[in-house]
Amino acid sequence: MSQDPSTAPVGAQEIVFDRVVKAYPGAAAPAVDDLSLTVPAGEICVLLGPSGSGKTTALMMVNRLAEPTGGDIRIGGRSVRDMDPIELRRSIGYVIQSAGLFPHQTIADNVATVPRVLGWAKKRTRERVAELLDLVGLPVNEFGGRYPAQLSGGQRQRVGIARALAADPPVMLMDEPFGALDPITREHVQDEFLALHDRIRKTVVFVSHDIDEAVKMGDRIAVLREGGRLAQYDEPRTLLKEPADAFVARFVGADRGLKRLSLLRLSDLEPAAAGEDSAGLPELPAEATLRAALSLMVAQGTDRVRVRGADDTRLGTVSLDAVRKAGAA
Amino acid sequence: MSDQPVLPDYGDPSPCVADNASFCTDWFTAHWSTLFWPALAEHVELTVLAVGFGFVLALAAAVLAHFQGWFTAPASFVASFLYTVPPLALFQLLVPVTGFSVLTVEIALVAYSLYLLFTTVLTGLREVPQDAVRAATGMGLTRRQILFRVELPLAVPSLVSALRITTVMTIGTVAIAAYVIDAGLGSLILKALQSPFNTLFIGSGALAVALALTADGLLLLAGRLLTPWARSRRNA
Ligand SMILES: Nc1ncnc2c1ncn2[C@@H]1O[C@H](COP(=O)(O)OP(=O)(O)OP(=O)(O)O)[C@@H](O)[C@H]1O
Ligand SMILES: [Mg+2]
């Protein structure tokens, strides 16, 4: 998840919100109020909060679709105010909920948008498009010539991601990118994006109002409350263990203990040696979450599960008590 | 009906012409190249000129109104005012200034076409999916690039329907232009109205209808060819 800055990839850049304020003209209260946070290079930061808490506004100030009325935003140390908005936006990938694909252009043309306005050579653009469509699992031979209306919602969203990545931007902004997908597709696309992120390591600011999505996707989570004030900014496990106040506690939900368990895997624990008596126990692979282990123990009425390693080796057992301790640690 | 020959002198009348049947193919084909074809060509010319000018003007006005909201109200006011003046009255007003000329006809035709063109094109621009525009802005396209690469292409169905309605309407209005200039199918119709000879009336009238239908069909086809994406769902 979070990583040592020295291993931060070349290309990714740190994003700093420095006392950012956005008051829309005529509005009684600011939409974003005194927001300060740092997203380390290569990490995914989730902006989480209820509707109207200023998540979209905060995101749009990064690529200057909205101008801050106070404070500053810096990308890789440079203030966005000092950059030409058009150039700035071309160096930032932007994905929105509905994907926002151009319905009149083929998938390949959609992905080629930014390379074309940047004036890339035809051949380079074509190769980049093929590479990106491969990356998101939509081979150009099969999908490149289709129109957006000929894809499923999940496929369109993946094209949106490929399009945002086209010019290899160091930073990506994603505004509820998976919000319109059904739960199963969403989970699938989330997994794919995480795998993709492992390879490309962009700095990502990701807007969500779903705590489960935030916990899954975020290296860090910024919880915003109404009025666009930052309630807490922490890694998911800290947020779940020590919510800063009643608002955050309510927002992360009463089942935050279970959510925490879903962040831990059996392989994170030291399994106890499996004795003779372990024969009848339910078994789980080492990469299963502690939440799955707990669920299995409750369902089977046991207080231990057996852990299976790669190649079906038996690693030992994990007890209910060990799970409880890990959850509270 | 009188017993006199129906038309003064068109050479040796065929039995069909002598009987003044409702439509004499022989007479029609005999006079195609001297009478009907030139009138048809003039009619097409007057229409293309009017619709072309009107379209360029209305498109420019609609784009301006789309960029600068304040321009919408005055532009719609002028366009709808011109639309409410009947073309015949407009001819009447213009003749003292521009005479019995093609210019008079074209000014009136363009003025009459602006309202439909302007409102349909502006609506088309406004109905472009906002997600697409937002995504384009967020990716760093300039306002101009968004207009030419996103908004106008997505407004093509509206542009085409504006052109179709206006073209059909203008083909009809050009027929009235015969009161001002001796050109187009209208002048044949006008002559036919003053004589009882049926073939001239039916021939020129049918040509006007056929022209409108053909133009409409061609524009429809052009629209289809320009918007393969609009049919993609059905072909999928
Ligand atoms: N263009 C605008 N002009 C005026 N007020 C705005 C504008 N855009 C947003 N707001 C206001 O700013 C506040 C924050 O809006 P924003 O869209 O950032 O919220 P959000 O957290 O993204 O909400 P959601 O989860 O519903 O998308 C809201 O009160 C909204 O009404
Ligand atoms: Mg939002």
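Worth a mention:
- Scanning region B:131-150 for residues that are in contact (Cβ under 8 Å) with a residue 60 or more places away in the chain and away from chain A (no Cβ under 11 Å) yields one hit, B:Leu147.
- Every residue from region B:151-176 that is among the polar types (S, T, N, Q) and either within 14 Å of another protein chain (Cβ to nearest Cβ) or assigned to a loop (DSSP other than H, G, I, E, B) (or both): B:Ser158
- Test for A:Gly154: is it out of contact with any Phe, Trp or Tyr (no Cβ under 8 Å at 6 or more places or on another chain), more than 22 Å from A:Leu239 (Cβ to Cβ), away from ligand 1 (no atom under 16 Å from the Cβ) and within 13 Å of chain B (Cβ to nearest Cβ): no
Conditions (1) surrounded by 19 or more Cβ atoms within 10 Å (Cβ to Cβ); (2) in contact (Cβ under 8 Å) with a residue 12 or more places away in the chain; (3) more than 27 Å from B:Asn20 (Cβ to Cβ), marked per residue:
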| residue | (1), (2), (3) |
| --- | --- |
| B:Thr170 | yes, yes, yes |
| B:Ile176 | yes, yes, no |
| B:Ala183 | yes, yes, no |
| B:Gly186 | yes, yes, no |
| B:Lys191 | no, no, no |
| B:Pro196 | no, yes, no |
| B:Thr199 | yes, yes, no |
| B:Ser204 | yes, yes, no |
| B:Leu219 | yes, yes, yes |
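- Inside region B:177-236, residues that are within 14 Å of another protein chain (Cβ to nearest Cβ), among the aliphatic types (A, V, I, L, M) and part of a helix (DSSP H, G or I) make up a count of 3.
- Scanning region A:65-92 for residues that are of a type in the set (A, V, I, L, M), within 16 Å of ligand 1 (Cβ to nearest atom) and in contact (Cβ under 8 Å) with a residue 40 or more places away in the chain returns A:Ala66, A:Ile73.
- Looking only at region B:21-40, residues that are surrounded by fewer than 13 Cβ atoms within 10 Å (Cβ to Cβ) and either of a type in the set (S, T, N, Q) or touching a Pro at 6+ places or on another chain (Cβ under 9 Å) (or both) come to 5 in all.
- Residue in region A:193-200 that is among the aromatic types (Phe, Trp, Tyr), part of a helix (DSSP H, G or I) and either over 30 Å from A:Leu258 (Cα atoms) or within 14 Å of another protein chain (Cβ to nearest Cβ) (or both) present: no
- Selected residue [within 11 Å of another protein chain (Cβ to nearest Cβ), under 19 Å from A:Ser208 (Cα atoms) and either surrounded by fewer than 21 Cβ atoms within 10 Å (Cβ to Cβ) or out of contact with any helix residue (DSSP H, G or I) (no Cβ under 9 Å at 6 or more places or on another chain) (or both)] from A:Leu88, A:Leu65: A:Leu65
- Scanning region A:239-252 for residues that are surrounded by 14 or more Cβ atoms within 10 Å (Cβ to Cβ) and either over 27 Å from A:Arg304 (Cβ atoms) or not assigned by TED's automatic domain parsing to the domain that holds A:Gly49 (or both) yields A:Leu239, A:Pro243, A:Ala244, A:Phe247, A:Val248, A:Ala249, A:Phe251, A:Val252.
- In region B:187-236, the residues that are under 24 Å from B:Asp26 (Cα atoms) and among the charged types (D, E, K, R): B:Lys191
- Taking each residue of region A:190-218 that is more than 20 Å from A:Val16 (Cα to Cα) and within 16 Å of ligand 1 (Cβ to nearest atom) and looking for partners that are part of a helix (DSSP H, G or I) and of a type in the set (S, T, N, Q) with beta-carbon atoms closer than 8 Å, six or more apart or interchain, yields A:Glu213/A:Gln190.
- For the criterion of being among the aliphatic types (A, V, I, L, M), surrounded by fewer than 18 Cβ atoms within 10 Å (Cβ to Cβ) and assigned to a helix (DSSP H, G or I), A:Ala130 passes.
- Among (1) closer than 18 Å to A:Arg128 by Cα; (2) within 16 Å of ligand 2 (Cβ to nearest atom); (3) not small (Gly, Ala, Ser) - the single one A:Asp175 does not satisfy: (1)
- 3 or more residues basic (Lys, Arg): qualifying strands (runs of 3 or more DSSP E) within region A:209-323: A:304-308
- Test result for A:Ala58, among the hydrophobic types (A, V, I, L, M, F, W, C), more than 16 Å from ligand 2 (Cβ to nearest atom), closer than 19 Å to A:Ile221 by Cβ and crowded, with 19+ Cβ neighbours inside 10 Å: no
- Of note, A:Ala108 satisfies the criterion of being more than 18 Å from B:Phe148 (Cβ to Cβ), in the same structural domain as A:Ala195 (by TED's automatic domain parsing) and among the hydrophobic types (A, V, I, L, M, F, W, C).
- Considering region A:18-64, the residues that are polar (S, T, N, Q) and within 11 Å of ligand 1 (Cβ to nearest atom) include one that is farthest from A:Arg78 (Cα to Cα), namely A:Ser51.
- Any hit, region A:120-138, residues being within 16 Å of ligand 2 (Cβ to nearest atom) and touching a residue at least 12 places away in the same chain (Cβ under 8 Å): no
- On the stretch given as region A:157-180, residues that are within 16 Å of ligand 1 (Cβ to nearest atom), buried (at least 19 other Cβ atoms within 10 Å of the Cβ) and among the aliphatic types (A, V, I, L, M) total 2.
- The lone criterion from (1) touching a strand residue (DSSP E or B) at 6+ places or on another chain (Cβ under 7 Å); (2) within 12 Å of ligand 2 (Cβ to nearest atom); (3) not in a strand (DSSP E or B) left unmet by A:Pro50 is number (1).
- Condition broken by A:Ala23, with the remaining ones in (1) within 16 Å of ligand 2 (Cβ to nearest atom); (2) surrounded by fewer than 21 Cβ atoms within 10 Å (Cβ to Cβ) satisfied: (1)
The values are calculated or read from the model by the stated rules, or taken from the named source; none is laboratory data. Bear in mind that the values here come from a model prediction, so they are computed numbers and not experimental data. Neighbour counts are summed over all protein chains in view; Cβ atoms, including those assigned to glycine, are modelled from backbone coordinates with ideal geometry.
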